[in-house]
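Structure record follows, encoded as structure tokens.
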Amino acid sequence: MSNGAEVAVTSGEILRQQVGGWLPSDQRALDAWVASLTRKVELAEPAELHPVILEFQELIATDPIVRMYMEQMLTQVPKSGQYRQHHLTSIEQMLTLINWVLTEGPAYDDTSMVACPLDSILDWAVCTPAGFAAFRMDSVNAMFKKILDVWCEFLSGPDSLYVLNDGPSGWKSPAAAKAIGIEQYQYDPQDEHWGFKSWNDFFARRFKEGQRPVADPDDNKVIVSACESTPYRIGLNAKKHEKFWLKGQPYSLQDMLANDETVDEFVGGTIYQAFLSALNYHRWHSPVSGTIKKAFVKGGTYFSGADVEGEDPAMPTDSQGYIAHVATRALFFIEADDPGIGLMCFSAIGMDEVSSCIIGPDITPGTHVQKGQDIGHFQFGGSTHCLIFRPGVIRDFAIGAIPQPTSPNPPLVQVNTKIATAN
């Protein structure tokens, strides 16, 4: 932050591709995946466009600004060096590829997994000047919300279970089972699909009892990790208003907290941000014991990034600070039992197509939650999250919660483990 200490990660390439595991670490593998998808679509029988894709097509055709940006972002991709592989050549191709993905589940690949297919299709184009502008438009974000809702419906249905098989690209394969550590989770090894009802059901799988014990359950001053995640940034002396779109992406509380009336209580406070990886646990747990004052989902952007990070396919992850202010997110305001902590906020933030933030059905105003209690989850995916505290609350952070910006393999902080102690 401009007037406060912070620890930040600046290498989006490490975060997004190598650590996060949402896209391949080798750009050539991503290019090959998109080329393979394109060939598959071209060789298949022509498919009818889903009504939601027809609606997107109509938006592009009838809104001159949307059409201008969509066409420009395809031509503005640099034509030299690593940018020479253009994934998209026309609006029609973009619509056709997205249409195909709406009935596909993410496949497993132990060398070059593509967990975010829509992001892969839009790769490069969203990071051009026109792409930055297009994906900040309300009409474009409203359209992509409809598209993502359709895909989410497929991923929540039984037809998505086909990717839970024991073939080389199946999630029941020995390599996938080892990568996700399936033995830690609740599942039925005798069932064809491990007892899951859909891809999303599998993705939001729960740990077995005892797998993630809550640190110091009787000590209300000990704050635990709300997600299975890798530390990204610790921001001190948070401001009410900041230019979060600038280089460094300082935190701006008014925007992060969606203009909530309690924002002034957090001015000068501390923000802890960490990101989730593709193969890990994607449910959220309360970082403190306390009473839910309010919990709601704030709609926002889906593929928008900070253009100050430059034209880079790693931009969205490199833009995690920016995304915390503008992306779709679930906000939990919790009045902690410990008076020294008082009111705090947990923000679960969607990124790219990872945008379905599901608040637990029993989480309503007035509900008392215990530290480590399950309070919701990401439906397909995980992204980044923030814990926001009032000034003077945090005495110190645990060593494992300190971001390691120079490490190519920063350690994962398990959910329910200690990340900080309050005064």
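None of the figures in this text is laboratory data; all of them are computed from the coordinates on show. Just so it is clear, the model here is predicted, and its values are computed rather than measured. Positions of Cβ are generated from backbone atoms using ideal geometry, with glycine treated the same way; all protein chains shown enter the neighbour counts.
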**OP:** Net charge near residue 348: determine it from the other residues with C-beta under 12 Å of the C-beta of residue 348, scoring Lys and Arg +1 and Asp and Glu -1.
**Re:** +3
Subject >> Longest to shortest principal axis, alpha-carbon extents of region 214-422, angstrom >> reply: 48, 35, 33
Subject >> Förster radius 35 Å - calculated FRET efficiency between residue 54 and residue 423 (Cβ-Cβ, nearest 0.05) >> reply: 0.05
**OP:** Pop the C-beta distance of residue 367 and residue 139 into the FRET formula with R0 = 30 Å and round what comes out to the nearest 0.05.
**Re:** 0.25
**OP:** Provide the packing ranking of 324-335, 407-418, i.e. peptides ordered by the mean count of other C-beta atoms within 10 Å per residue, highest first.
**Re:** 324-335, 407-418
Original post:
Of the listed peptides 132-138, 188-194, what is their order by residue-averaged count of other C-beta atoms within 10 Å, with the highest listed first?
Top reply: 132-138, 188-194
Original post:
When DSSP beta bridges are limited to those with both residues in region 214-422, what percentage is antiparallel, rounded to the nearest 5?
Top reply: 95 percent
Original post:
What ³J(HN,Hα) values, in whole Hz, does the Karplus curve 6.51 cos²θ - 1.76 cosθ + 1.60 give for region 172-187 when θ = phi - 60°, with x put for Gly and Pro?
Top reply: 9, 5, x, 5, 5, 4, 6, 5, 8, x, 4, 5, 7, 9, 6, 7
Original post:
Would you list 68, 73 from fewest to most Cβ contacts within 10 Å?
Top reply: 68, 73
**OP:** Please give the net charge around residue 289, taking every other residue with its beta carbon less than 13 angstrom from that of residue 289, where Lys and Arg add +1 and Asp and Glu add -1.
**Re:** -4
